[in-house]
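A quick write-up on the structure given underneath.
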Amino acid sequence: MRFGYLKGAISIWLVALVVISVMVATRPLKRTVTPTYHQASRDWAERKTLYEGTSGMHYLPPFVALYAPFEWMPLPVSEVVWRVLGTAMIAGGLWGICRHCSQRRELLHRDFFFVSLLSLPLCLPAIRNGQANATMAGLFLLATVGLMERRSWWTAVCLGLAVAVKPLGLAAVGLAVAVSPALILPCIAATTGVLLLPYATAPAAYVTSQYQAAWLNLRECAVISENRFADLNGIIRAFGVELNGNAGLAVRALAGLAMFLLCVTWVRRQSEPERSLSWFGFSALYLMIFNPMTEANSYVILAPGFALAAVLAWNRGFHRTGFFWAAAVLSMGLLPNLVRPWFGNSFALVWHPIMALLLLGWLTGVVVSQRAQVPSRQ
């Protein structure tokens, strides 16, 4: 039976990947965001500016340097390989986490099967579109495995690469350091190395100018006010209210500070694997709820958090809680398409952050209730 669960889990990922690969190979430029990445790589090679207002490129220069090998490949091949990489990282990270979380060895394959089954619907759009969020989700999961195993440099390298994929990865780095002070030096070294990488591929003056342009781009994006994002504003816009400008920045700063303090005072004192799972949850939740440019497809980063919450609750006898989080993540993956005739694309902009806020409240309650756990030996 265990083999059956493992074969089923592998089949879930392989079938999805094969179907997506065939679709991408036959029509590589349909429903994809990768042309932006390819154009950025060409602009980098020609020493052109990467950033034009609030549209187009929203990644730091290291992302372009890391994406360059995909630009060198033939188009259909690069599109398929890019998606295979993101999918493999997500599946591999989930397997690693299940290995540490399963209460009994015989439950490992079953847990991996259900975590995969629950995660995939919400992951599919980002994988299909070739979004960098899928790669970031994989890096977060692999960093979680490294944190569980106290492999500081592995964790730091994954987080450094996450910063290259999305600048908001710095929030996850800060929370990781709050949870495990042993990560301070490795994270500084890994993040610095990633940020310096572009200087090995282009003249220093050009790279510096692109970092300056990236900073201006991020500042402009931080105050974007459009009804196409699934962050906290996605909820309150439904009531005719919006957090703009300094008010939005203040809320994001206060939320980040609150999570940092929670990680320092409570999460750090948890035992494993709870400590690492809490870090993953708070990091992913911060990016989803408090990033002003969170899209519905960005929730590929948080999908494993819902799935893990469901499976772990089931395993520990909290069946209603497990079914609730299972229903939540499946609703996020399936409902937007089902209700599109009535709500268009706006349903997920409200529903996803509501579910994320519920998970944030539940996770905070769990962490605080476990404050008597033996402190970590970090």
(message) For region 191-217, give me the residue count where each residue is buried (at least 18 other Cβ atoms within 10 Å of the Cβ) and touching a Ser or Thr at 6+ places or on another chain (Cβ under 9 Å).
(response) 3
(request) Report yes if some residue within region 87-103 is touching a residue at least 40 places away in the same chain (Cβ under 8 Å), outside any helix (DSSP H, G or I), farther than 19 Å from Leu285 by Cβ and in contact with a helix residue (DSSP H, G or I) (Cβ under 6 Å, 6 or more places away or on another chain); otherwise report no. (result) yes
(request) Considering only region 218-274, state which residues are touching a Ser or Thr at 6+ places or on another chain (Cβ under 7 Å), closer than 16 Å to Leu168 by Cβ and modelled with pLDDT of 80 or more. (result) Phe229, Ala230, Asp231
(request) Specify the residue that is modelled with the lowest pLDDT; the eligible residues are those in region 336-367 that are of a type in the set (S, T, N, Q) and either touching a Lys or Arg at 6+ places or on another chain (Cβ under 7 Å) or in a helix (DSSP H, G or I) (or both). (result) Asn337
(request) Working only within region 88-134, note down all residues that are buried (at least 24 other Cβ atoms within 10 Å of the Cβ) and touching a Cys at 6+ places or on another chain (Cβ under 8 Å). (result) Ile90, Asp111, Phe112, Val115, Ala134
(request) Output the number of residues of region 291-317 satisfying the condition of being outside any helix (DSSP H, G or I), modelled with pLDDT under 95 and not polar (S, T, N, Q). (result) 5
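Quick one: is Ala172 crowded, with 24+ Cβ neighbours inside 10 Å and closer than 23 Å to Val264 by Cβ?
On the way: crowded, with 24+ Cβ neighbours inside 10 Å: yes; closer than 23 Å to Val264 by Cβ: yes.
Yes; evaluated as a whole, the condition is true for this residue.
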(request) Of the conditions (1) assigned to a helix (DSSP H, G or I); (2) of a type in the set (A, V, I, L, M); (3) closer than 30 Å to Arg128 by Cα, Ala258 clears all except one; give me its number. (result) (3)
(request) State whether one or more residues within region 24-39 are under 25 Å from Ala309 (Cα atoms) and β-branched (Val, Ile, Thr). (result) no
(request) Mind counting the residues in region 46-67 that are at pLDDT below 80 and on the phi > 0 side of the Ramachandran plot? (result) 2
(request) Please work out which one of (1) exposed (fewer than 13 other Cβ atoms within 10 Å of the Cβ); (2) in a helix (DSSP H, G or I) is the condition Val251 fails and give its number. (result) (1)
(request) Output the residues belonging to region 35-65 that are out of contact with any helix residue (DSSP H, G or I) (no Cβ under 6 Å at 6 or more places or on another chain) and part of a helix (DSSP H, G or I). (result) Pro35, Thr36, Gln39, Arg42, Asp43, Ala45
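This table checks each residue for (1) among the aliphatic types (A, V, I, L, M); (2) under 19 Å from Glu295 (Cα atoms); (3) more than 21 Å from the chain's Cα centre (by Cα).
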| site | (1), (2), (3) |
| --- | --- |
| Thr34 | no, yes, no |
| Ser41 | no, no, yes |
| Glu52 | no, no, yes |
| Pro62 | no, no, no |
| Tyr67 | no, no, no |
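From the list Glu106, Glu79, which residue is assigned to a helix (DSSP H, G or I) and at pLDDT below 95?
Only one candidate passes the filter, namely Glu106.
The values are calculated or read from the model by the stated rules, or taken from the named source; none is laboratory data. Bear in mind that the values here come from a model prediction, so they are computed numbers and not experimental data. Note: ideal-geometry Cβ built from the backbone for every residue, glycine included; neighbour counts use all protein chains shown.
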